[in-house]
Amino acid sequence: MSDESGAATGADAGTGPEAAGAEPGHGPGPGAGRRVRVVLVDDHRMFRTGVRAEIGRTDATGVEVVGEAADVDQAVDVITATRPEVVLLDVHLPGGGGVEVLRRCAGLMAAAQDPVRFLALSVSDAAEDVIGVIRGGARGYVTKTITGNDLVDSVFRVQEGDAVFSPRLAGFVLDAFASTDAPPIDEDLDRLTQREREVLRLIARGYAYKEVAKQLYISVKTVESHVSAVLRKLQLSNRHELTRWATARRLV
């Protein structure tokens, strides 16, 4: 689903009374007594809204969402304007992706005082995506299956300078930085766009088109278009061949 929203900062990005207050009957959240200013960067408005509702109840979580962005240019502008302590960054964004945001915000990350720290939050659990943003300077990488409480905890840990990863992703980083060899080039895989790779992995894992659409916040018709493009580019005939192809390359 394409996002038509613009960047939001300050009052435009503030939570409403219902979102900001703690839920009745709930005790102190994982951010009780602490505060962290966060910018959300993701090209899906529905996902940003969900994250804000889940973690942006400042009185309960300690997380204050001070801005949002849907593409690389918006992200750089909002991050520069608000100077948050932590940025929740999607890997795949219009305008060059999360790596481009990191490149353009390198000075903010390197600041001697109050550095901006980045935590990747993505549907992708591909090794190349994880390694790419960590090389770019992100302090961690978690997938969108993370719970709200765990995400709040991860944000505070990154604010404090820790490195945070979803369990199986840490191994990708250890393997990548332990080796001096460049990763092998897969010309077939390189033909696919980042979104096509996401669809490929989910289809290869046995997800139905409707489930893929829900995971990636896109329409079923868009999923069908991506699958057709993948099959054409890889010269495959059906999803069974696609699954074998992906499994052989350990993409599943």
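If you go through region 154-166 and keep only what is part of a helix (DSSP H, G or I) and of a type in the set (A, V, I, L, M), you end up with 155, 158.
Residue-wise test of (1) surrounded by fewer than 16 Cβ atoms within 10 Å (Cβ to Cβ); (2) over 25 Å from residue 97 (Cα atoms); (3) touching a Ser or Thr at 6+ places or on another chain (Cβ under 7 Å); (4) without any contact (Cβ under 8 Å) to a residue 40 or more places away in the chain.
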{"site": "193", "(1), (2), (3), (4)": "yes, no, no, yes"}
{"site": "203", "(1), (2), (3), (4)": "no, no, no, no"}
{"site": "222", "(1), (2), (3), (4)": "no, no, no, no"}
{"site": "226", "(1), (2), (3), (4)": "no, no, no, yes"}
{"site": "232", "(1), (2), (3), (4)": "yes, no, no, yes"}
{"site": "237", "(1), (2), (3), (4)": "yes, yes, no, yes"}
{"site": "244", "(1), (2), (3), (4)": "yes, yes, no, yes"}
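Of the residues screened, residue 197 is one that is in contact (Cβ under 8 Å) with a residue 40 or more places away in the chain, under 21 Å from residue 95 (Cα atoms) and touching an Asp or Glu at 6+ places or on another chain (Cβ under 9 Å). With respect to residue 139, is the statement that it is out of contact with any strand residue (DSSP E or B) (no Cβ under 8 Å at 6 or more places or on another chain) and basic (Lys, Arg) true? Spelling it out, it is not the case that residue 139 is out of contact with any strand residue (DSSP E or B) (no Cβ under 8 Å at 6 or more places or on another chain) and basic (Lys, Arg). Restricting attention to region 109-136, the residues that are part of a loop (DSSP other than H, G, I, E, B) and farther than 26 Å from residue 198 by Cα total 7. Quick check on my filter: what residues within region 83-102 are touching a Lys or Arg at 6+ places or on another chain (Cβ under 7 Å), open to solvent by 10 Å² or more (accessible area, probe 1.4 Å) and more than 17 Å from residue 122 (Cβ to Cβ)? Correct list: 85 only. Residues satisfying the criterion are present in region 50-60 (criterion: in a helix (DSSP H, G or I), hydroxyl-bearing (Ser, Thr, Tyr) and at pLDDT below 95). Taking the conditions (1) part of a helix (DSSP H, G or I); (2) free of Cβ contacts under 8 Å to residues at least 40 places away in the same chain in turn, residue 151 satisfies each one other than (2).
The values are calculated or read from the model by the stated rules, or taken from the named source; none is laboratory data. Since we're looking at a predicted model, the values are computed, not measured. No Cβ is skipped: glycine too gets one built from the backbone with ideal geometry, and neighbour counts run over all protein chains shown. Protein only, heavy atoms only, side chains kept; ligands, DNA and RNA dropped before computing areas. Shrake-Rupley method; radii C 1.70, N 1.55, O 1.52, S 1.80 Å.
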